[in-house]
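All remarks here apply to the structure that follows.
The values are calculated or read from the model by the stated rules, or taken from the named source; none is laboratory data. Predicted, not measured: the structure shown is a model, and the values here were computed from it. Heads up, the Cβs are rebuilt from the backbone with ideal geometry, glycines too, and the neighbour counts pull from every protein chain shown. Surface accessibility is based on the protein's heavy atoms, side chains included, excluding ligands, DNA and RNA. Shrake-Rupley method; radii C 1.70, N 1.55, O 1.52, S 1.80 Å.
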Amino acid sequence: VSMQFLGPNDFLVIENKGIVQRIVNGQKTSPPLVLTNVAENQGLLGIAIQKNASTNETAIYNHHPYVFLYYTANEKNSNITQGKDGVSNRLYRYELVNDKLINPKKLLELPAEYDHNGGPLLIGPDKHSVFVSVGDLENQNYTVIAHKALNNETGMQPDGSGGILRVTFDGNPVQGGGIGKIYPLNLYYAYGIRES
């Protein structure tokens with residue numbers, strides 16, 4: 001689905017089925033770095049790496065790279081259809097230590113649908129935030145629930161979809177951003193995005 005470089009001839013590859021592989025000098029390291037529990041119709045959708053991770057937390061792994069993964073999670077092994085329990089879009093932060101992704105921290109849990117769940121990630125220019133692109137969550141009938149972040153004035157309040165969200169490496173809103181002061185409005189960096 002996507003890949004991010006750690007250095008020359010050293011990169012991480014994400015597979016739709018929820019696997020993160022490391023490729024060094026053209027060879028896959030074994031076993032995979034992590035296996036996530038993803039929804040059947042979507043999967044592991046985005047990756048970003050911050051090589052010089054630092055935080056106010058007291059974790060001993062601060063000198064290791066942060067790896068951010070965005071995926072449609074499936075807690076109960078069901079197909080992703082509207083209303084199913086345990087299915088959501090999630091942003092996790094991991095630490096890369098000895099060819100393993102460890103110390104997972106869930107930063108965001110957002111609604112999910114059949115299609116247009118988004119996925120592309122980008123580390124912010126401040127090196128302390130991550131941008132998360134979330135689509136409009138189109139369902140199996142090719143319809144989208146209208147909300148104000150999709151430029152529908154009479155729609156419901158935004159739910160975190162249909163835009164680019166920006167959070168700190170701990171999952172907090174970035175000060176000064178957003179289209180409102182309450183969650184999830186304070187997460188939006190951009191809105192009106194249908195399929196990212």
Next on the checklist: Being of a type in the set (A, V, I, L, M) and closer than 21 Å to TYR66 by Cα is true for just one of LEU108, LEU150, LEU137. Which residue is that?
Outcome noted: LEU108
Checklist entry - Among the residues of the range 8-48 satisfying the criterion of being small (Gly, Ala, Ser) and open to solvent by 20 Å² or more (accessible area, probe 1.4 Å), which is modelled with the lowest pLDDT? => result SER30
Checklist outcome for this item: Selection from the range 154-172 of residues over 21 Å from LEU137 (Cα atoms) and either open to solvent by 50 Å² or more (accessible area, probe 1.4 Å) or among the small types (Gly, Ala, Ser) (or both) yields GLY171, ASN172
Next on the checklist: Any residue that is assigned to a strand (DSSP E or B), hydroxyl-bearing (Ser, Thr, Tyr) and buried (at least 20 other Cβ atoms within 10 Å of the Cβ) - is there at least one of those in the range 183-190?
Outcome noted: yes
Checklist entry - Here are some residues: LEU137, LEU110, LEU122. Which one is surrounded by 17 or more Cβ atoms within 10 Å (Cβ to Cβ), touching a residue at least 60 places away in the same chain (Cβ under 8 Å) and out of contact with any helix residue (DSSP H, G or I) (no Cβ under 7 Å at 6 or more places or on another chain)? => result LEU110
Checklist outcome for this item: Checking TYR191, TYR183 in turn, the sole residue that is over 18 Å from GLN42 (Cβ atoms), touching a helix residue (DSSP H, G or I) at 6+ places or on another chain (Cβ under 6 Å) and of a type in the set (Phe, Trp, Tyr) turns out to be TYR191
